[in-house]
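Enquirer: Just dropping this structure here.
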Amino acid sequence: MHHMTLAEIARGLADKKFSSVELTQTLLARIAELDPKINSFISLTQDLALSQAKAADERRANGESGALLGAPIAHKDLFCTQGIRTSCGSKMLDNFKAPYDATVVAKLAAAGAVTLGKTNMDEFAMGSANESSWYGAVKNPWNLEHVPGGSSGGSAAAVAARLLPAATATDTGGSIRQPAAFTNLTGLKPTYGRVSRWGMIAYASSLDQGGPLARTAEDCAILLQGMAGFDPNDSTSIDEPVPDYSVGLTGSLQGLRIGVPKEYFSAGLDPRIAELIHNSIKELEKLGAVIKEISLPNMQHAIPAYYVIAPAEASSNLSRFDGVRFGYRCQNPENLEDLYKRSRGEGFGSEVQRRIMVGAYALSAGYYDAYYLKAQKIRRLVKNDFMSAFNEVDIILGPTTPNPAWKLGAKSSDPVAAYLEDVYTITANLAGLPGLSMPAGFVDGLPVGVQLLAPYFQEGRLLNVAHQYQLNTDWHTRTPTGF
């Protein structure tokens, strides 16, 4: 049963081939056996999962149906879950049990999804390798010596290892799409505002967005259907109708205009990945797509702009963790200042401290105009580039990452080298656009992803293209050895 996709599970439950309780018990046993190899979970919620599975079976017995009713999933450990530890991968929140459910958690629970646990992540979602977690690094199921990507590496590794069919994740600068590329999954970052951020512990509020990680575009469509929608509790949520993403998967790609930015194929891109991307383009041409070269001239400025804006917002968001109200508190503080300093110094890891300091510096008097304001102006230029491009094409295609997954520890001493791996993904967050990564092949036995970007609220178009591509390729069906 562990090889089944969400769509196959929905059909199996509807046909009474197995129950949600049986499926949940099977996957919990598999997690207990295999997760020690990859460290993809921070918390398991066996009792909750079995009670939710039993309730889902009863709902089906009473005539209810639904693609997520009885389907097992897991949540990235920054989605608040009532009464369950929500740690953000940090010592700072190791003892924090959320008093309420995030909107995403509540919506999926209402749809009947079964929560198996909370997945490992880079501390406060800051990282591209899932090595900054206080609970230890996550390992890539395709090669246990390599990273799974970050910050949603726990969700990605768990799904890739067939511990569960799908998981929630978040994307601030590529943290859904990059792990998807590194672990042979399909990952979707929706339009900013499409999925509620209420109850999703913030890293950078103008960039963060929740989304699905799964093995297929079809499964991402199912999970996104349950996650998306307007939320009055979230001031950044957009009141836009949510289409039936599954129905839209079957559309023809005949005449679809695909733009390929010339800036994507620079010297920084591994030539073997470039070849796989060109192979993907050929496959889409066979399906009727029309390819056009385009330009995103301000892409070169995106990384420095992002790494000013995101840390600036992080320095503000993380100021609430002060050792006073909740979370980690140092022992025997001498005074209030000592309480603040030692609680934060002991509770936050080095990467989080680094970004808080960068952000505080960028926002400080005398430097605000030189750094933060200039970065926001670049952000507007990046968005304008995309708006111009989408006047000519329907979607934009390119590599998800410039290189395959690197070895654990290879970039730990050089944070900037890790930051540069986000070159293709961060522009979508700066502009607020939807983006998807799908499997496109392998380099040295490690998965490679191709990225698709679309205009605002065109997630259905991305899922349609990815689904049609996956009907004609088999990269997404490959399973890591030993799992």
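Enquirer: In 5 Å bins starting at zero, report the fraction of Cα pairs in segment 426-467 per bin as a rounded %.
Expert: With a bin width of 5 Å, the distribution comes to 5, 23, 26, 19, 15, 9, 3, 0.
Enquirer: Also: With a cap of 15 neighbouring Cβ atoms within 10 Å, and only residues DSSP puts in a loop, list the GluC sites (Glu not before Pro) found in segment 1-110.
Expert: Values: sites: GLU8, GLU22, GLU33, GLU58, GLU64; in loops: GLU64.
Counting only loop positions with at most 15 other Cβ atoms within 10 Å, the GluC sites (Glu not before Pro) in segment 1-110 are GLU64.
Enquirer: Find how much the distance from GLN300 to MET357 grows on full extension, using 0.36 nm per residue of separation minus their present alpha carbon separation; answer in nm with one decimal.
Expert: Between GLN300 and MET357, full extension yields 18.1 nm more.
Enquirer: Along the positive direction of the dipole of segment 211-354 (beta-carbon charges: Lys, Arg +1; Asp, Glu -1; about the Cα centre), which of PRO232, ILE281, GLY251 reaches farthest?
Expert: Sorting the options by dipole projection puts first ILE281.
Enquirer: Report the Rg/Rh value for segment 190-285, based on alpha-carbon coordinates and the Kirkwood definition of Rh.
Expert: With Rg and the Kirkwood Rh in hand, the quotient comes to 1.05.
Enquirer: Calculate, axis by axis, the spread of Cα positions in segment 100-251 along the three principal axes, and write the results as whole Å, longest axis first.
Expert: Projected onto the principal axes, the Cα atoms of segment 100-251 cover 44, 34, 25 Å.
Enquirer: Right, something else. Could you tell me which of PRO261, LEU213, PRO165 has its Cα farthest along the dipole of segment 149-283 towards the positive end, charges placed at Cβ (Lys, Arg +1; Asp, Glu -1), taken about the Cα centre?
Expert: PRO261
Enquirer: So, one more: Rolling a 1.4 Å sphere over the protein heavy atoms, what is the accessible area per residue of the chain, to the nearest Å²?
Expert: Values: 17610 Å² over 483 residues.
Normalised by residue count, the accessible surface of the chain is 36 Å².
Enquirer: While we're here: With unit charges on the beta carbon (Lys/Arg positive, Asp/Glu negative), name the residue among ALA32, TYR368, GLY345 whose Cα is farthest towards the positive pole of the charge dipole of the chain.
Expert: Of the options given, the answer is GLY345.
Enquirer: Another question about this same structure. Based on the Cβ-Cβ distance of THR236 and GLU283, what FRET efficiency does E = 1/(1 + (r/R0)^6) give at R0 = 45 Å, to the nearest 0.05?
Expert: Values: r = 36 Å, r/R0 = 0.81.
Once the sixth-power term is evaluated, E becomes 0.80.
Enquirer: Full extension from PHE326 to SER412: what is 0.36 nm times the residue separation minus their Cα-Cα distance, to one decimal in nm?
Expert: Working: separation 86, 0.36 × 86 = 30.96 nm, distance 2.99 nm.
Taking PHE326 through SER412 to full extension adds about 28.0 nm, to one decimal.
Enquirer: Counting only C-alpha contacts under 8 Å and six or more residues apart, can you give the relative contact order of the chain as a whole percent? Write down the numbers at each step before the final one.
Expert: On the way: 1150 pairs, mean separation 86.3, N = 483.
Relative contact order, the chain: 18 percent.
Enquirer: Order of 407-413, 123-129 by packing, highest average Cβ count within 10 Å first? Before the final figure, lay out the partial values.
Expert: Details: 407-413: 14.4, 123-129: 29.3.
Result, highest mean Cβ count within 10 Å first: 123-129, 407-413.
Enquirer: Now, a different point. Could you tell me which of rounded, prolate or oblate describes segment 213-359, using a ≥ b ≥ c as the square roots of the eigenvalues of the alpha-carbon gyration tensor, with rounded for a/c under 1.5 and, failing that, prolate when a/b is larger than b/c and oblate otherwise?
Expert: Since a/c reaches 1.5 and a/b is larger than b/c, the shape of segment 213-359 is classed as prolate.
Enquirer: For segment 374-406 and segment 90-168, write down the distance between their C-alpha centroids in whole Å.
Expert: Here the answer is 27 Å between Cα centres.
Enquirer: Can you give me the Cα centroid spacing of segment 431-460 and segment 285-336 in angstrom?
Expert: For segment 431-460 versus segment 285-336, the Cα centre distance is 20 Å.
Enquirer: Using the Karplus curve 6.51 cos²θ - 1.76 cosθ + 1.60 with θ = phi - 60°, work out ³J(HN,Hα) for each residue of segment 239-254 in order, rounded to whole Hz, and write x for Gly and Pro.
Expert: Computed from phi, the couplings for segment 239-254 are 7, 10, x, 9, x, 7, 5, 5, 5, x, 5, 8, x, 6, 9, 4 Hz.
Enquirer: Now for a separate question. With only Lys, Arg, Asp and Glu charged, each at its Cβ (+1 for the first two, -1 for the last two), find how big the charge dipole of the chain is about the Cα centre; round to the nearest 20 debye. Provide the component values of the computation, followed by the final result.
Expert: On the way: 44 positive and 48 negative charges, 27 e Å.
Rounded to the nearest 20 debye, it is 140 debye.
Enquirer: Among the listed pairs LYS139/LYS262; LYS17/LYS139; LYS262/LYS286; LYS189/LYS286, which are separated by more than 30 Å between their Cα atoms? It would help to have the intermediate numbers written out before the result.
Expert: Details: LYS139/LYS262 33 Å; LYS17/LYS139 33 Å; LYS262/LYS286 22 Å; LYS189/LYS286 26 Å.
Pairs exceeding the cut-off: LYS139/LYS262; LYS17/LYS139.
Enquirer: I've got another one for you. Within the accessible area of segment 82-188, what % is carbon and sulfur when the probe is 1.4 Å and the other protein chains stay in place?
Expert: Percent of accessible area from carbon and sulfur atoms in segment 82-188: 50.
Enquirer: Across every pair of different alpha-carbon atoms, what Kirkwood hydrodynamic radius in Å does the chain reach? Provide the component values of the computation, followed by the final result.
Expert: On the way: mean 1/r = 0.0451 Å⁻¹.
So the Kirkwood estimate lands at 22.2 Å.
Enquirer: Which shape class applies to segment 378-483: rounded if a/c is under 1.5, otherwise prolate when a/b exceeds b/c and oblate if not, where a ≥ b ≥ c are the square roots of the Cα gyration tensor eigenvalues?
Expert: Verdict is oblate for segment 378-483.
Enquirer: Okay, moving on. Apply the a/c threshold of 1.5 to the C-alpha gyration tensor of segment 347-428 and tell me whether it is rounded, prolate or oblate.
Expert: Numbers: a/c = 3.47, a/b = 1.18, b/c = 2.96.
In terms of gyration-tensor shape, oblate.
Enquirer: Between ALA370 and THR26, what is the label-to-label distance in nm when each label sits 7 Å out along the Cα-to-Cβ direction?
Expert: Distance between the two pseudo-spin positions: 6.1 nm.
Enquirer: Sort the following peptides by mean Cβ neighbour count (other Cβ atoms within 10 Å, averaged over residues), highest first: 459-467, 179-187, 367-375. Please report the intermediate quantities before stating the final value.
Expert: Values: 459-467: 24.6, 179-187: 33.6, 367-375: 15.1.
Listed from highest to lowest mean packing, they are 179-187, 459-467, 367-375.
Enquirer: Run a plain Debye calculation on segment 258-297 (Cα atoms as equal point scatterers, no solvent) and give log10 I(q)/I(0) at q = 0.17, 0.20, 0.23 Å⁻¹, rounded to two decimals, same order as the q list.
Expert: With no solvent term, the Cα-only Debye profile gives -0.47, -0.64, -0.80.
Enquirer: What are the lysines whose alpha-carbon lies under 18 Å from the alpha-carbon of LYS374, with same-chain residues fewer than 8 places away excluded?
Expert: By straight Cα distance, LYS374 reaches LYS383.
Enquirer: Also, quick follow-up: Using a Cα-Cα cut-off of under 20 Å, which lysines could be cross-linked to LYS16, ignoring same-chain neighbours fewer than 8 residues away?
Expert: LYS54
Enquirer: Quick one: grab Rg to one decimal and Dmax as a whole number for segment 50-151, Cα atoms only, in Å.
Expert: Answer for segment 50-151, Rg first and Dmax second: 15.7, 48 Å.
Enquirer: Once you have the Kirkwood Rh of segment 59-102 from its Cα pairs, apply Stokes-Einstein at 10 °C and 1.306 mPa s and quote D in µm²/s. List each step's numbers first, then the result.
Expert: Numbers: Rh = 12.2 Å.
For the chosen part, D equals 130 µm²/s.
Enquirer: Let me ask something additional. Assuming R0 = 41 Å, what is the FRET efficiency of ASN391 and GLU145, from their Cβ-Cβ distance, to the nearest 0.05? Write out the running numbers ahead of the final one.
Expert: Working: r = 45 Å, r/R0 = 1.10.
Rounded to the nearest 0.05, the efficiency is 0.35.
The values are calculated or read from the model by the stated rules, or taken from the named source; none is laboratory data. It should be emphasised that the depicted structure is a prediction, and the values quoted were computed from it without experimental measurement. Quick reminder, even Gly has a Cβ in these numbers, built from the backbone with ideal geometry, and neighbours come from all protein chains shown. The accessibility values were calculated without ligands, DNA or RNA, using every heavy atom of the protein model including side chains. Shrake-Rupley method; radii C 1.70, N 1.55, O 1.52, S 1.80 Å.
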